[in-house]
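Let me begin by presenting the structure, written as structure tokens, before commenting on it.
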Ligand SMILES: Nc1nc2c(ncn2[C@@H]2O[C@H](COP(=O)(O)OP(=O)(O)OP(=O)(O)O)[C@@H](O)[C@H]2O)c(=O)[nH]1
């Protein structure tokens, strides 16, 4: 385990560190409460061993502050064991109230410290697995099950905060609505399963355009999402005026270049998309107006014959 040892006595800290290292743990020492908080902010620990009596900020207050910091992160909980010379019931109650998990006396035999470390190692391993599982679940909740792109809910959440920032800083904000042309006919002709595969290929292609635009520094932070059905979005949070037009053009060309056969998309014979590309600069008003504008432009692209983009 990686342990943060908080103790105002260098001599005691040296002895404890040597013991813990001999059990195979990695130890960082904080000489006071503030240093402990600073280290906690900049590093990750599996366990904190916290002295109670320290000059200035004592162990209880340090713990309360650490817990307050953890409160900002869902699922974060670092076990804290108080280590003290005064092994009183009052100390135990205060320790738990302050957010501690256990209590050990400085006079405890080595075997007790060793046993507690074993128990904490198990908890640390469990926490790591839980954090990993939660991360995976969180990611799954944000992804569209078919295409793997961000889903509508995750996109809306991101758009809300990006829009707020763009309005606050007076930055441009662009949005592309991308719709597969004559997709009902594709399903009718090739079947629903083939339709699903086609949507996956289209999604991957849109994602590639987004990654490329990011890598080229053309549109930092651009991301793709499945808006719903056969409709996708590209959100461009901050790009120079006109960049949305270039990206819209790139999407239209890249999808046609996939050359996925679609005989009922008569003018082209392959799968194509239409794109409505809206840019508001500087961002102002409500974000739903940008969606409405992108939708209007998309319908103009459909009316004008499909396999094209319309931009403002
Ligand atoms: N295979 C498959 N089809 C889907 C999925 N989601 C939506 N669709 C189909 O997408 C089709 C969309 O049809 P329409 O809204 O009529 O649009 P369109 O045929 O693409 O015509 P235009 O948009 O005018 O070019 C419908 O047939 C939906 O069933 C999906 O996840 N998988």
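Between residue 141 and residue 34, what length in nm is gained on full extension when 0.36 nm per residue of separation is reduced by their alpha carbon distance?
That works out to 34.8 nm of additional length.
Quick one: in region 152-311, what % of C-alpha pairs are over 22 Å apart?
Distances greater than 22 Å cover 38 percent of the Cα pairs.
Quick one: Debye curve from the alpha-carbon atoms of region 6-60 only, equal weights, vacuum; give me log10 I(q)/I(0) at q = 0.20 Å⁻¹ to two decimals.
Debye output, listed in q order: -0.71.
Measure off 7 Å from each Cα along the Cα-to-Cβ vector at residue 218 and residue 165, then give the distance between these two points in nanometres to one decimal.
Rounded to a tenth, the inter-label distance reads 2.2 nm.
Is region 5-126 best put as rounded, prolate or oblate by its Cα gyration tensor, with a ≥ b ≥ c the root eigenvalues, rounded for a/c under 1.5, and otherwise prolate when a/b is larger than b/c, oblate when not?
Here region 5-126 falls in the rounded category.
Can you give the FRET efficiency for residue 256 and residue 152, using 1/(1 + (r/R0)^6), R0 = 25 Å, r = Cβ-Cβ distance, to the nearest 0.05?
0.45
Going highest first, how would you order 5-15, 41-51 by mean Cβ packing within 10 Å? Intermediate values should be presented prior to the final figure.
Details: 5-15: 16.8, 41-51: 18.7.
Packing proxy ranking, top to bottom: 41-51, 5-15.
With label points built 7 Å along Cα→Cβ from the Cα atoms of residue 208 and residue 240, find their separation and express it in nm.
2.6 nm
As an exercise, use a Förster radius of 41 Å and the Cβ-Cβ distance of residue 249 and residue 23 to find the FRET efficiency, rounded to the nearest 0.05.
The value I calculate is 0.10.
When ranked by the protection proxy of mean other Cβ atoms within 10 Å per residue, highest first, what sequence do the peptides 147-153, 117-123 form?
So the peptides 147-153, 117-123, ranked by packing, come out 147-153, 117-123.
What full-extension length gain, to one decimal in nm, is calculated for residue 89 and residue 134 as 0.36 nm per residue of separation minus the Cα-Cα distance?
Details: separation 45, 0.36 × 45 = 16.20 nm, distance 3.65 nm.
Extra length from residue 89 to residue 134 when fully extended: 12.6 nm.
Among the DSSP beta bridges whose two residues both lie in the chain, what percent are antiparallel, rounded to the nearest 5?
Antiparallel bridges: around 50 percent, rounded to the nearest 5.
Applying 1/(1 + (r/R0)^6) with R0 = 22 Å to the Cβ-Cβ distance of residue 196 and residue 300, what FRET efficiency is obtained, to the nearest 0.05?
0.15
What angle do you read, to the nearest 10 degrees and between 0 and 90, between the alpha-carbon axis of helix 33-42 and the longest principal axis of the chain?
Its long axis makes an angle of about 30 degrees.
Could you please tell me the mean projected area of the C-alpha convex hull for the chain, averaged over all directions and given in square nanometres to one decimal?
Spelled out: convex hull of the Cα atoms, projected over all directions, averaged, 21.1 nm².
Bear in mind that the values in this text are calculations on the coordinates, not laboratory data. From a predicted model like this one, the values you see are computed outputs, not experimental measurements. Neighbour counts are summed over all protein chains in view; Cβ atoms, including those assigned to glycine, are modelled from backbone coordinates with ideal geometry.
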